[in-house]
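Notes for the one structure printed next.
The values are calculated or read from the model by the stated rules, or taken from the named source; none is laboratory data. It should be emphasised that the depicted structure is a prediction, and the values quoted were computed from it without experimental measurement. Cβ coordinates were reconstructed from backbone atoms using ideal geometry, including for glycine residues, and neighbour counts include every protein chain displayed. Quick note on the areas: whole protein, heavy atoms, side chains included, nothing else; ligands and nucleic acids left out. Shrake-Rupley method; radii C 1.70, N 1.55, O 1.52, S 1.80 Å.
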Amino acid sequence: MEPFYESGSLRFSCTRCGKCCETAGEYYVFLSAHEAELIRRFLDLSPAWFRRRYLSRLEDGALVLAAGRDERCVFLDREGRCRIYAARPVQCRTYPFWPEVVNTRRNWRREARRCEGIDDGPIVSRRAIRRAIRLCRDQAE
Ligand code: SF4
Ligand code: SF4
């Protein structure tokens with residue numbers, strides 16, 4: 001059966017509410033070593049300090065952003081803005097067009113409880129959605 005995004009018209013417009021950056025202790029922001037290095041350079045920090053302050057490893061060795069206060073991403077500022085927006089990881093760039101979200105209507109609707117931009121705004125082209133999915137998959141390899 002073809003995935004939902006191939007048959008449905010998915011609307012999305014980010015309101016910058018910052019909800020997707022509230023990890024709520026339920027999920028992590030994964031990133032590659034290359035992405036971590038880009039962020040470090042963006043912030044102009046020493047490798048040791050950046051690693052200590054902003055990175056963490058899960059038990060399986062996966063690299064993630066360290067937990068911030070109040071179960072929010074460590075880079076989310078008080079106004080709900082991303083402090084590393086120009087250098088944010090693929091996981092953030094592609095949200096909410098993650099394979100596991102756009103594969104079924106049910107998952108897309110469920111994600112809309114968290115993201116108020118889902119089902120709002122213009123229809124997002126299938127090409128753009130496929131590109132986001134490809135980026136996510138490349139990142140996971
Ligand atoms: S890196 Fe930026 S966009 Fe990604 S979760 Fe953190 S604050 Fe949000
Ligand atoms: S939850 Fe959705 S609308 Fe809010 S900032 Fe994230 S992507 Fe944008």
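Some notes on this structure:
- Calculated [θ] (222 nm, deg cm²/dmol) that DSSP helices of n ≥ 4 give over the chain, each run adding -39,500 (n - 2.57): -10000 deg cm²/dmol
- The share of accessible area on segment 14-132 that comes from carbon and sulfur is 47 percent, using a 1.4 angstrom probe.
- The chain - Rg and Dmax from Cα coordinates, angstrom: 15.7, 49
- Accessible area in square angstrom per residue, the chain, 1.4 angstrom probe: 66 Å²
- Above 14 Å, the calculated P(r) of segment 95-141 contains 52 percent of its Cα-Cα pairs.
- To the nearest 10, the accessible area of Cys20 is 50 Å² with a 1.4 Å probe.
- Farthest towards the positive end of the charge dipole of segment 15-141, among the residues Val102, Leu43, Ala140, is the Cα of Val102, using unit charges on the Cβ of Lys, Arg, Asp and Glu.
- Counting every C-alpha pair in segment 18-87, the share spaced more than 13 angstrom apart comes to 64%.
- Of the DSSP H helices in the chain, those that are both long (alpha-carbon extent of 20 Å or more along the helix axis) and hydrophobic (Kyte-Doolittle mean at least -1.0) are 126-140.
- Counted charge near Glu79, where neighbours are those whose Cβ lies closer than 13 Å (Asp, Glu -1; Lys, Arg +1): +4
- Point-charge dipole on Cβ atoms (K/R +1, D/E -1) for the chain, about Cα centre, debye to 20: 300 debye
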